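Asker: Just passing along the structure, written as structure tokens.
The values are calculated or read from the model by the stated rules, or taken from the named source; none is laboratory data. Everything quoted here is computed from the prediction, not taken from an experiment. Heads up, the Cβs are rebuilt from the backbone with ideal geometry, glycines too, and the neighbour counts pull from every protein chain shown. Protein only, heavy atoms only, side chains kept; ligands, DNA and RNA dropped before computing areas. Shrake-Rupley method; radii C 1.70, N 1.55, O 1.52, S 1.80 Å.
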Amino acid sequence: FQFAEYSIDFKIGIYKNISKIIQKDGFKFNNRDSLKKHLYLTLRDELMLRFSDDFIKYALEYYFKKVNDSFNARKNRFILKAYCNISIWNYFVTFTYDSSLFKDEDEFQEYLKKYIRRLASRNNVKYMGAFEKSPKKGRCHFHAIMSLPQSYINKLDIQEESYYDKSSGEMKTAFISQTLKNNIGRCDFKFFYPQDDEFVRMLIYICKYISKQDGKIIYSRGLRDEIIGKIDNFNAHVIGYTSMLSSFLLMDDSTKYSEL
């Protein structure tokens, strides 16, 4: 194909068209193959006079490769930060958009980002999270793992509430802050221990929305990207990475490690 002559038009044209279609219709599809078929048919109808059928297929493959590479990079950074700071996390928090308090979801997102930044500077709060946009349900959420001091928790007036979960058809319970209802809306605080399996499920849950909606992780300042430590008998033992979920592997119990 004569890709060179299309390069500028591709970057500012087809790429943006794909993103707009996904933002508009993406929530309707449960898997990537169905979404790609919809994108192909829509682009073909809109752009067939400007681009060949083969080029539209190439553009779609290129787009999804870039999206996949970007997602993997963001997911790996998210998991690495979560585990490098594992000792500080104690709450999984969900903030839910309330249309009676904000004119639209954009206003809700801007308000919430400013609110949690103030928490970080004034109350030594740490957080890592992502927004979940749900056009099908008509609401927006922010999911985050957070490090919340007890002094802040005491101000929230957290109470247990029961609700009906439409997706599962069951009654469930949530721990809602009564203090934040009037200026933010429904804020669900779930205490956890980072050593439990529940912590892994929380990370997977947040990563799901990074993948589906090309969402960005919002980080507080001061989170570590690495663990630095002193290892005795370094030359006598093999040390190496095992996965993103474990920082290193010490080959036997005689090797001593102390974090610096």
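Asker: Could you count how many Lys pairs in segment 27-98 have their Cα atoms under 30 Å apart, skipping same-chain pairs fewer than 8 positions apart?
Answerer: Lysine pair count for segment 27-98: 21.
Asker: Which loop GluC sites (Glu not before Pro) in segment 99-130, with loop taken from DSSP, have no more than 10 other Cβ atoms within 10 angstrom of their Cβ?
Answerer: For GluC sites (Glu not before Pro) across segment 99-130 that sit outside H, G, I, E and B with at most 10 neighbouring Cβ atoms in 10 Å, the list is empty.
Asker: To the nearest 10 square angstrom, what accessible area does Ser121 show with a 1.4 Å probe?
Answerer: For Ser121, solvent-accessible area is about 90 Å².
Asker: Now for a separate question. Students sometimes get this wrong: rank Phe142, Phe27 by accessible area, probe 1.4 Å, all chains present, largest first.
Answerer: Descending accessible area places them as Phe27, Phe142.
Asker: Cα-Cα over 19 Å: which of Lys24/Lys133; Lys126/Lys190; Lys103/Lys181; Lys16/Lys208?
Answerer: Lys16/Lys208
Asker: Please compute, over every Cα-Cα pair in segment 108-210, the percentage with a separation greater than 16 angstrom.
Answerer: 66 percent
Asker: Explain nothing, just the number: relative contact order of segment 100-189, from Cα pairs under 8 Å at least 6 residues apart, as a whole percent.
Answerer: Dividing the mean separation by the residue count of segment 100-189 yields 21 percent.
Asker: Accessible area of segment 93-186 with a 1.4 Å probe: how many percent of it is carbon plus sulfur?
Answerer: Within segment 93-186, the accessible surface is 43 percent carbon and sulfur.
Asker: Asn123 to Gln23: extension gain in nm, 0.36 nm per residue of separation minus the Cα-Cα distance?
Answerer: Full extension of this stretch gives 32.4 nm more.
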